[in-house]
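Undergrad: Please read through the structure below; I'll follow up with questions.
The values are calculated or read from the model by the stated rules, or taken from the named source; none is laboratory data. None of these values were measured; they are calculated from a predicted model. Reconstructed Cβ throughout: ideal geometry from the backbone, glycine too, with neighbour counts over all protein chains shown.
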Amino acid sequence: MRRRHVASCLIWSLLTVPLWSAEPFPYRALVTSDEVSVRSGPGESYYAVQKLTKGEAVEVWRHDPGGWYAIRPPEGAFSWVSSEFIKPTEGGLGVVIGERVVARVGSVYSDIRDCVQVRLDKGEEVEILDVQRSDTSEGAKSWYKIAPPAGEFRWVPGRFVEHEQRASRTAAEKPQPTPSTKPEPSTSPEPSLYEKPSAAEAGADKLMALERRLREMSTQIEQLTGKRPPGWVGKEGSTGEGRLLPVSKATTIPDALREAELHLSQIIADDTLTWDFRQLTTRVEEMLARAESAADRGQARALLLKIEKFEDIRQRYMTVVAERNSINRTPPSAVTTRLTRRMELKTDDGGEKYDGVGRLTQVVSQKAGAPQFALLDDDGKVLYYVSPAPGVNLRAYLDRDVGVTGILGILPDQNVRHVTAKRIEPLDGKLVR
């Protein structure tokens, strides 16, 4: 019988996150072995979805119990959504037409789609990759194969990946062969087009990574509480202190525990940045000490564990918000100034309206398959390389400030940022120079 992991996958992905680690997340890592299975959850019991080969790069977002690393869905990953909840639009996109629509993790090996990590909001846009029709006991059913939505992860065993910086140091320590006297023909792209990111660009990358992590964590918190936290406007100097708990009116331990459950619900209904569980924790610990029955003690311990998990989420969320605010207070360079302007181009719910913003220019390169366009900052530095999706005409927007929506990625051979443009919009007059 096929194992089902819908509930367990959701619990693992939201609640089994370790306390904030010294490891700066997310970070790039390299696969160190061939045929490494990527799974839908943090364990061997979760179904495999694809494989990675030695040398492939992954983006690690956290370390989970058991030595499992949560990674951004790699190239080729996909999810499934029932077609009744998606309305196709132009450019291979679709709009969610239901509330809290389930997205199911897909596998290249079978049609199994039991693992659920993310629920999609009404009006959310998805990228449709394919459609599948199947016959069920209830009749014909259609599924849309979509690009993994924000908030989804995949998992690999940590022993099979190594931090990119450590891997580079290891390679540098190996004995190097004696260089040949005959110079090898250069196959590298033009230095002006593919130079390594400057310190300012590295800082901009960190800022964007923190924004991505805030979006991921906001989705997780919303799934738990039903409310999206305002992580984009974290208050300066916030202590996280919430309001005082009212005096308990309970006369028995069971009544007091039910009252504590209600207080916990009220606390997490507030903004995440104001969560404060200290009073509630003290009150439940006192109940545990006074409880006489095993059932009451078990319920009190379960409630303390639940509070601990929410406190863990709060601490990690506050850490990311504080680091992001710290970067925003740093005097901006030319590159970070452009990205700060980009942050002003937000959707109504605080998300980014575009995947890339800059002045569109044409790139001349002799390397086969190299991108033909790039987004530049005010100083002419490359922010992203751009390739058009089928049917998208970029030439009509050359030498203009534009916002690009599409698929973000990295050119693996040059280690530079890249976006496949599905939509492009002129922003002339919207960017302050």
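Undergrad: Could you tell me whether segment 353-366 includes any residue that is closer than 21 Å to residue 93 by Cβ and basic (Lys, Arg)?
TA: yes
Quick grid of which residues meet (1) at pLDDT 80 or above; (2) aromatic (Phe, Trp, Tyr); (3) in a helix (DSSP H, G or I); (4) surrounded by 14 or more Cβ atoms within 10 Å (Cβ to Cβ):
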{"residue": "256", "(1), (2), (3), (4)": "yes, no, yes, yes"}
{"residue": "299", "(1), (2), (3), (4)": "yes, no, yes, yes"}
{"residue": "305", "(1), (2), (3), (4)": "yes, no, yes, no"}
{"residue": "318", "(1), (2), (3), (4)": "no, no, yes, yes"}
{"residue": "332", "(1), (2), (3), (4)": "no, no, no, yes"}
{"residue": "337", "(1), (2), (3), (4)": "no, no, yes, yes"}
{"residue": "360", "(1), (2), (3), (4)": "yes, no, no, yes"}
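Undergrad: Scan segment 49-76 for residues that are under 30 Å from residue 134 (Cβ atoms), surrounded by fewer than 20 Cβ atoms within 10 Å (Cβ to Cβ) and in contact (Cβ under 8 Å) with a residue 40 or more places away in the chain and report the count.
TA: 4
Undergrad: Those residues that are of a type in the set (S, T, N, Q) and at pLDDT 85 or above, I need them from segment 363-391; list them, please.
TA: Within segment 363-391, just 387 meets the criteria.
Undergrad: For segment 126-134, indicate whether the set of residues that are buried (at least 18 other Cβ atoms within 10 Å of the Cβ) and of a type in the set (Lys, Arg) is non-empty.
TA: no
Undergrad: Just the residues that are under 20 Å from residue 52 (Cα atoms) and not aromatic (Phe, Trp, Tyr), please, taken from segment 97-112.
TA: 105, 106, 107, 108, 110, 111, 112
Undergrad: Can I ask one more? Just one of the numbered conditions (1) farther than 23 Å from residue 144 by Cβ; (2) more than 20 Å from the chain's Cα centre (by Cα) is not true of residue 52; which one?
TA: (2)
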